[in-house]
Every structure is written in structure tokens, then in C-alpha cells.
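Structure record follows, encoded as C-alpha cells.
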Amino acid sequence: MKKSKYGWLVLLAFALVAGANQMLWLNFAPILTVVQEKYGVSEIMANSLLLVFPIAYVILGVPAGLLIDKKGYRLVISLAAIFMSISAGLRIFDSSFWMVFAGQVGIAVSQPFIVNGISKLVADWYEKQHRALANGLGTVGLIIGMAFSMAITPALIQGTEIHNAMIIFAIITAATSLFFILVARETGASMGMATAGSWSEIGTLLKQRNLVLIFIVSFLALGFFNSFTNWIDLILAQQGFNTDQVGLIGGLMILSGIFGSAIIPSLSDVAQRRKPFLIGCGIMATILVYPLARGNNETIAIILACLFGALVLPAFALLLTMSEEDAGPEKAGAATGFLMLAGNAGTVIITVLMDKVRVEKDWLNSIYVLLVVIVLATIFAFTVRETFRKNHS
């Protein structure tokens, strides 16, 4: 490990504040039908509470990465966390759909300025041979936030109505934001390069063929997973699952990703290889998505969801590590910005496409779209060059 053990506390603080952001994003994923009934809006309008996040990322992902490279991750994440907390407070005024939507927009704006900091933080505190594990542990916070949101939101809504649930989530957000502001530190080792934080980075990054291929995989793979998550409530409802069952299945799917995101990147560090593990994630996603989306047995769905989360979600940590290794620590923020921009652009396009190709409430054609997307992602993963190089730190 690098510098000191304090890096673990910084990584924990990041994981918590990033997890809070993901929690707020997916609050409405398992309760889209409830949102439709409460506010009298269409399915696509209800889903806009989720879709605004990838749209904001497409617009702000690269500027956020450049700002992190220039000003450092501690300052940028701290300011974004404050803005996120204020926006979460807006959702307490839930009598109006547009007030809730405004809160979601504010939270979405804060997301790239928080999440893009992970590669810079990891490059700052950890040696190369431990960075995939550190990225995996950092993304565990995101996964916990997603799982907590998917599993707990339906229960909170049933027990306390949306208003009180929004209060609880706002308090959690403020607490995690304060913790990050109080404990986060950075060594500055990955800052200070002449090109860091400037728009000239963009052309340099896009001239690297392997990095562009990684971005393409991100477009397809993250778009695949996020689009599936965005529509999971309605997809599983078609198969006869109720809101509580959807919350449980979705929560366990994401929660199992904690195990996978700790173990698989760690194995990647030990093997000193990234590519084979990325390809493996793509293959497992291809095998599991159809039976998970079209089954109607709860027990089997839970088993498939756990396998899906554990074997597919680690691809996110691997992509983050590969982008940083190709770009270098001084450009890690911009590289992460591009990676996330690509993934969120894929989310917007694939989410809308899934809605367009379905026939009324039948999501079969949409599942076919997901299959095509993940097959393409796996094919492109084969074309990516291995990024772990022993003599490159």
C-alpha cells in the first residue's frame, strides 16, 4: 500500500458519500408504479426521475473529470456533496412531482463530480498492484447504496409514505456528506502535471486507441446494466412479481455485487491481468440476463439475481482500473469522466430504445435489445489490449 493506512479511511468516506448518491438515484426504481399512481404521470415520465442521471452525466461527465484533475478530488467532491444534500432536501416537498423532479436533477448534477473522483483517489493513495482492489472496494459503496435503495425504499414507502421516506434519505445523505468533508485528505501525488485539468487532455485521450475501446465497452456494458435496472420494476411486474418481490430481487442482485466487486478485482490484481476478467463478466451477463428477466419463480429469480450481481457488477471496477492504467494517474479524472460519459450515454439510448421496442406491457423485445448490447460489449472486450504492465506505475 502507499503513503499510510489513512487512505483506507479516505476510501471509506468516498464509498459512503458515493453510495448515498446512488441510493438517491435508485429510490424510485422499484416503485415506478407507485409514482405513476401518486402523481398521475406516464411510465416514461416516472422513469425520468431515473433517466435524468445519465443525461446529466453525458453533459457534465468530462468537465467534472477535468475539474477534479485540476482542483483535486477532495474539494470537488466536498462541494458536490453539499449540493447533493440540499437537493435531497428538496424531495421532502413531495406533494408536487416537479419538486421531486427538481431534487433529482440537483442530485444528478452532483453525481459526476462525486463518482469521477474515485480513480484519482485510488491513484493518489494506492500502488498499481493494489488499484483494482481499491477501485473494487470504492465501488462497493456505490453498490451498497444501490442495494439499500432497491430493497428498503418499497418498505419505507409502504410503512411511512413517500414524504417520511424522503426525510430519512435526506438525513442519511447529509450525514455521509459531512463525514467525507471532515475526514477526506489527499496527498497530491497525482496532481501538478502540466496537462492535468485542461481541455487539451481530451484530444490526447481520444488518440489512444485502447482507451477508446474501453470507452466503447463502457457505453455498451454500463448502458446494459443501468437500463436493465431502470426498468426492472416493470419488467419483473410483467412476470407476476409485486413491488416487495421486485425490491428484494433487485436489492439482492446489487448487494451480491459487493462480494463480486471485492473478490474479482482482487483476483485480477493477483493474476496481474484485467482483460480475462472483463470478458468473463460479459459472458456471464449474456448467459444470465434472459432467464432473470423472463422467469416467474421467486426462488430461482433470487438465485439468478445473486449470480448476476456477483459476476457482472465487478466489470465496473475493472473498467475504472483499466481506464486509469491506460491514461495515467495525472489524467485519471478526465479518463473516468469519459468512461462514465460513455456508460451514461449508453444508458440514455438503451433505456429509451427498450421503451420504444416493447409491445404495450410486453418487454420481450426489450430483453432482446439487452442481449444484443451485452454480446457486442463482450466482443469489444476481446479487442481491448491488456492494461496491466508490470513496469508501468
Discussion item. Given contacts defined as C-alpha pairs under 8 Å and at least six residues apart, what's the relative contact order of the range 30-121, whole-number percent?
Written reply: 36
Worksheet item: Expressed as a whole percent, how much of the Cα-Cα distance distribution for the range 237-393 exceeds 18 Å?
Response: 65
Worksheet entry | Whether the range 80-145 is rounded, prolate or oblate, judged on the alpha carbon gyration tensor where a/c under 1.5 counts as rounded | prolate
Worksheet item: What net charge is computed for the residues neighbouring Ser95, neighbours being all others with C-beta under 13 Å from the C-beta of Ser95, Lys and Arg scored +1, Asp and Glu -1?
Response: 0
Item to complete: Return the sequence-ordered ³J(HN,Hα) values of the range 6-19 in whole Hz as given by the Karplus equation 6.51 cos²θ - 1.76 cosθ + 1.60 applied to θ = phi - 60°, using x for Gly and Pro.
Response: 4, x, 5, 5, 5, 5, 4, 4, 5, 4, 5, 6, 5, x
Discussion item. Using a 7 Å offset from Cα along Cα-Cβ at Ala102, what residues in the range 26-49 end up with backbone N under 17 Å from the label point?
Written reply: 49
Worksheet item: To the nearest 500 deg cm²/dmol, what mean residue ellipticity at 222 nm is calculated for the chain from DSSP H runs of n ≥ 4 alone, each contributing -39,500 (n - 2.57), summed and divided by the residues?
Response: -28000 deg cm²/dmol
Item to complete: Enumerate lysine pairs in the range 1-106 that are 8 or more residues apart or on different chains, then count those whose Cα atoms are under 28 Å apart.
Response: 6
Discussion item. How far apart, in nanometres, would the label points at Glu161 and Leu75 be if each is projected 7 angstrom from Cα along the Cα-to-Cβ direction?
Written reply: 4.4
Worksheet item: For the residues Leu26, Leu9, what sequence is obtained by ranking on other C-beta atoms within 10 Å, fewest first?
Response: Leu9, Leu26
Discussion item. On a full-extension model of 0.36 nm per residue, what is the gain between Thr383 and Val212, subtracting their alpha-carbon distance, rounded to one decimal in nm?
Written reply: 60.5 nm
Practice prompt. Quick one: grab Rg to one decimal and Dmax as a whole number for the range 1-53, Cα atoms only, in Å.
Written response: 17.4, 55
Worksheet item: If the chain between Leu9 and Ile349 were fully stretched, how many nm would it gain, using 0.36 nm times the residue separation less the Cα-Cα distance?
Response: 118.7 nm
Worksheet item: Sorted from fewest to most neighbouring beta carbons within 10 Å, what does the list Met284, Met45 look like?
Response: Met45, Met284
Worksheet item: Direction-averaged shadow area of the convex hull around the Cα atoms of the range 14-127, nm²?
Response: 7.2
Response to the item:
Relative contact order of the range 265-393 (C-alpha contacts under 8 Å, at least 6 apart) in percent is 38
Response to the item:
Expressed as a whole-number percentage, the relative contact order of the chain with C-alpha contacts under 8 angstrom and at least six residues apart is 27
Worksheet, complete the sentence: In whole angstrom, the spacing between the Cα centers of the range 342-374 and the range 1-72 equals 21
Item to complete: Report which label in (1) 60, 57, 53; (2) 55, 41, 34; (3) 69, 47, 36 holds the value of Cα extents along the principal axes in Å derived from the coordinates of this structure.
Response: (2)
Worksheet item: For Ser266, Ser87, what ranking results if the residue with the fewest other Cβ atoms within 10 Å of its Cβ goes first?
Response: Ser266, Ser87
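Every read-out reported here was derived from the displayed coordinates using simple, explicitly stated rules and does not represent laboratory data. None of these values were measured; they are calculated from a predicted model. Counting neighbours? That spans all protein chains shown, and the Cβs are built from the backbone with ideal geometry, glycine included.
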